[in-house]
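Report on one structure; see the data block that follows.
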Amino acid sequence: MSTIVIILLAVGLVFFGGSTLAAFYWAARSGQFRKLEDGSKSIFDADEPVGTATDAFSDKTADRPLRRGADSLQP
């Protein structure tokens, strides 16, 4: 490899690492990591039936039960 490619890779890695640290610092300072459990529970409500898909794509029905295993790959 030429020297310029190695320098560009090193600069890119430093920039990527710095931007990652800056994003983590922003998230910690703005409270993004507080109450993680509440965020994970907010997507489900008490009326959601267990084992039934309530969301669907436009070409699929939402009232069918969820299938698991190898047969779930078939439409």
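Peptides 1-9, 20-28 ordered by packing proxy, namely the average of other Cβ atoms within 10 Å per residue, highest first: 20-28, 1-9. If R0 is taken as 30 Å, the Cβ-Cβ distance between MET1 and ALA22 corresponds to a FRET efficiency of 0.55.
Laboratory data are not the source of any read-out in this text; all were calculated from the coordinates shown. Being a predicted model, the structure only gives us computed values, none of them experimental. Every residue, glycine as well, gets a Cβ built from its backbone with ideal geometry; the counts of neighbours run over all protein chains shown.
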